[in-house]
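Structure first, then comments.
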Amino acid sequence: FMEIRQYLSIARRWAWLLVLGLVLGTIGGYGFSSMQTPAYQTTTKIMVSSSANALTSNPYAVYSDQQLAQTYVQLLTTQPMLDGVAESLGYPVSREGITVQQIQQSSQIIKITVENSSPQKAADIANQLVQVLIEQNEILQSGRYAASDESLQLQIAQVEAQIARYQTDLDNVSTKTV
C-alpha cells in the first residue's frame with residue numbers, strides 16, 4: 001500500500017513536466033503538419049479493347065487485349081507521353097506522382113493514379129494522359145491503315161494491269177481466230 005502512495009506522490013510532483021511535454025508535442029505536431037504540402041490523389045480507369053467485336057470474331061482476342069493493356073501500362077509513363085501531356089496542359093508533368101497499373105494480370109482495365117499538390121492538376125494530368133494515349137493510338141492506327149491502303153491500291157493497280165494485258169491477249173486471240 002505504501003508503494004502506491006509513493007508513486008502518486010512522484011506523479012503529482014512531476015505532473016507539470018507531463019503537461020509541458022503534452023503541450024509541446026501538440027504544438028510541434030501542429031506546426032509540422034501545417035508546414036507539410038497537402039497531396040491530392042485522383043484515379044481514373046480505362047478499359048483496353050482492340051475491337052468491339054473481338055470476342056465474337058476471335059476467342060483469343062482477350063489475350064491480345066491483355067497484352068495490349070500491359071503495353072499501355074508501360075507506355076503511359078514514358079517521356080514522350082508525359083511531354084504530350086505537359087504540352088497540352090501548359091505546365092511540366094513529372095513521372096514521380098504518376099502510377100499506372102493493370103488491375104489484375106488477366107484484366108483489360110488499367111488504373112492511372114496521379115498525386116499532386118493541386119487537386120485540379122491531379123485530375124487534369126490523369127485525364128490528359130488518357131487523352132494523349134488515345135491520340136497516339138489513333139495516329140499509329142491511321143499510319144497502319146494508310147500503309148495497308150497504299151499496299152492495296154498498288155495491288156489493285158497491278159491486277160488491273162494484268163486484266164488489261166489479258167484482255168489485250170484475248171482480243172488478239174479472238175481476232176486471229178475470226
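If Val114 passes every condition in (1) modelled with pLDDT of 85 or more; (2) of a type in the set (Val, Ile, Thr); (3) open to solvent by 70 Å² or more (accessible area, probe 1.4 Å) but one, which one does it miss?
It is condition (3) that Val114 fails.
Rundown of residues vs (1) surrounded by 10 or more Cβ atoms within 10 Å (Cβ to Cβ); (2) modelled with pLDDT of 85 or more; (3) on the phi < 0 side of the Ramachandran plot; (4) not basic (Lys, Arg), yes/no style:
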| site | (1), (2), (3), (4) |
| --- | --- |
| Leu18 | yes, yes, yes, yes |
| Thr26 | yes, yes, yes, yes |
| Pro38 | no, no, yes, yes |
| Ile46 | yes, yes, yes, yes |
| Ala52 | no, no, yes, yes |
| Ala61 | yes, no, yes, yes |
| Gln66 | yes, no, yes, yes |
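Looking only at residues that are surrounded by 12 or more Cβ atoms within 10 Å (Cβ to Cβ) and among the charged types (D, E, K, R) in region 117-143, which one is nearest to Gln79 (Cα to Cα)?
It comes out as Glu135.
Rundown of residues vs (1) over 18 Å from Ser50 (Cα atoms); (2) aromatic (Phe, Trp, Tyr); (3) in contact (Cβ under 8 Å) with a residue 40 or more places away in the chain, yes/no style:
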{"position": "Thr77", "(1), (2), (3)": "yes, no, no"}
{"position": "Ala86", "(1), (2), (3)": "yes, no, no"}
{"position": "Ala123", "(1), (2), (3)": "yes, no, yes"}
{"position": "Ile134", "(1), (2), (3)": "no, no, no"}
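For region 147-170, check the following and say yes or no: at least one residue is of a type in the set (S, T, N, Q), within 23 Å of Thr71 (Cα to Cα), assigned to a helix (DSSP H, G or I) and modelled with pLDDT of 90 or more.
Checked region 147-170: no residue is of a type in the set (S, T, N, Q), within 23 Å of Thr71 (Cα to Cα), assigned to a helix (DSSP H, G or I) and modelled with pLDDT of 90 or more.
Tally up the residues in region 98-111 that are open to solvent by 60 Å² or more (accessible area, probe 1.4 Å) and of a type in the set (Gly, Ala, Ser), please.
1
The values are calculated or read from the model by the stated rules, or taken from the named source; none is laboratory data. Everything numeric here is computed off the predicted structure, so don't read it as measured data. In this analysis, Cβ positions are derived from the backbone assuming ideal geometry, glycine residues included, and neighbour counts consider all displayed protein chains. Areas reflect the complete protein model, heavy atoms only, side chains present, ligands, DNA and RNA absent. Shrake-Rupley method; radii C 1.70, N 1.55, O 1.52, S 1.80 Å.
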